[in-house]
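Have a look at the structure below before the remarks.
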Amino acid sequence: MINREQILQMIAGYGANLQHWPVSNQQEIKEFIATDSELSLALSIAESDELMLKECFASSEPQWSAVAERNLAKKINSSTGKAEKPLPWWQAIIQRFTDPAQVLQAFPAVVAMLLLMVVVQVVYKKEPAQIDLAYSSEEFQDWLVFEGINEGVEQLGLADDTMENELEGFAEVVYYL
Amino acid sequence: MKKLNLLSDHQLIERAAKNEQAAFAELVQRYLASLVKFSTRYTLSFSCSEDIVQEAFLRAWRNASSCSASKGSVKSWLFKIVYNATIDFLRKNKREVSIGSSELDIPCEKQNPDKTLLQAQQQQWFDQALAELPERQRTALCLFMNNGLSVIDVSAVLDLNPEATSSLLARAKRSLKNKRQQDSQLGACL
């Protein structure tokens, strides 16, 4: 519920025109003022003060010529015609990456990066496992005999021709042992 | 198609956001003079204010999509852009403005031969009284009384809440009234 003091403060702030007052309170205030002569008087004093102020403002307002107004309006309208509006962020990104000027500018850097990647790939390429082919299967057989493993291999029925190479043969031997 | 001059400010700015230049031109026509006059009260130079307002309208054109009905009226949005641009201008060119571009620029356009001596004195008193008000009170009062902005719109321009704006206006009016009473006792005003 609004009281008289609050309404007097509102008259001082919002002015005499009730339409400028907060919409939520308008009806309540109108009814209050209608029944209170002091508030009605305050409202009419505020009204006359505002009228006087408005006149003062109007008379002190700088007079700007209509020609200057037309000229400036033309200038503004022509400059807005030339001005480009900022694009939404996603359009700006697409435009940036499809703009030939931008792409050409970035081209050397992109090529240099690709070259660097190729060089890194070549230099640090993983070397395949080196199989030691220094020994023939005969030498390997001799080694097995020397080590006393050969008998076991023969007992298992593993023929020499099953050993395609050193590695396979050795793996089989280890497996069966 | 509806005539542009029948459209509301919000309808016009919506069209301007869609690159419709004619809609923006209508807004320019509606508010150009009041914005230039408002800015001139600070810069005291039409040529400076014309540049400021031109730049402000360009900014408004570029950012038309950011002006929505929920953020307040288009009028207050435009006044806010011009007010901020004017304050920036004054900060940057404080010295040049204070040197007296006012004397070069305004008086010749402001002079009105029909004015009586009394009216001229009254106007001089009012200008001085207004100049003595704190900057924000003066701006609030000018926007409210001279440019017809509502308290909500003034608060949008000054980045205040409506209650603070209302008390700012009340203080400004009270100061002017007190000064008028004091000076009338001395026989020096309205």
On the given criteria, is residue A:51 open to solvent by 20 Å² or more (accessible area, probe 1.4 Å) and over 19 Å from residue B:171 (Cβ atoms)? yes
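Yes or no, residue by residue, for (1) modelled with pLDDT under 70; (2) assigned to a loop (DSSP other than H, G, I, E, B); (3) surrounded by 10 or more Cβ atoms within 10 Å (Cβ to Cβ); (4) in contact with a helix residue (DSSP H, G or I) (Cβ under 6 Å, 6 or more places away or on another chain):
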| residue | (1), (2), (3), (4) |
| --- | --- |
| A:85 | yes, yes, yes, yes |
| A:96 | no, no, yes, yes |
| A:111 | no, no, yes, no |
| A:125 | no, yes, no, no |
| A:133 | yes, yes, no, no |
| A:140 | no, no, yes, yes |
| A:144 | no, no, yes, yes |
| A:171 | yes, no, yes, no |
For segment B:86-161, please list each of the helices (runs of 4 or more DSSP H) lying entirely inside it that holds at least 1 residues being touching a Leu at 6+ places or on another chain (Cβ under 7 Å), modelled with pLDDT of 75 or more and charged (D, E, K, R). B:135-141
Does segment A:23-46 contain any residue that is of a type in the set (Asp, Glu) and either under 30 Å from residue B:55 (Cβ atoms) or buried (at least 16 other Cβ atoms within 10 Å of the Cβ) (or both)? no
In segment B:178-190, the residues that are exposed (fewer than 15 other Cβ atoms within 10 Å of the Cβ) and assigned to a helix (DSSP H, G or I): B:178, B:181, B:182, B:184, B:185
Determine if segment A:56-66 includes at least one residue that is surrounded by 11 or more Cβ atoms within 10 Å (Cβ to Cβ), within 14 Å of chain B (Cβ to nearest Cβ), assigned to a helix (DSSP H, G or I) and under 50 Å from the mean Cα position of the chain (by Cα). yes
Between B:155, B:166, which is facing another protein chain (nearest Cβ under 9 Å), small (Gly, Ala, Ser) and touching a helix residue (DSSP H, G or I) at 6+ places or on another chain (Cβ under 6 Å)? B:166
For segment B:29-79, give me each residue that is among the charged types (D, E, K, R), more than 8 Å from chain A (Cβ to nearest Cβ) and surrounded by 22 or more Cβ atoms within 10 Å (Cβ to Cβ). B:75
Does residue A:16 meet the test of being out of contact with any strand residue (DSSP E or B) (no Cβ under 7 Å at 6 or more places or on another chain), within 16 Å of residue B:169 (Cα to Cα) and not in a helix (DSSP H, G or I)? yes
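The values are calculated or read from the model by the stated rules, or taken from the named source; none is laboratory data. As the structure is a computational prediction, the values presented were derived from the model and not from experiment. Quick reminder, even Gly has a Cβ in these numbers, built from the backbone with ideal geometry, and neighbours come from all protein chains shown. These accessible areas exclude ligands, DNA and RNA; they are computed on the full protein's heavy atoms, side chains included. Shrake-Rupley method; radii C 1.70, N 1.55, O 1.52, S 1.80 Å.
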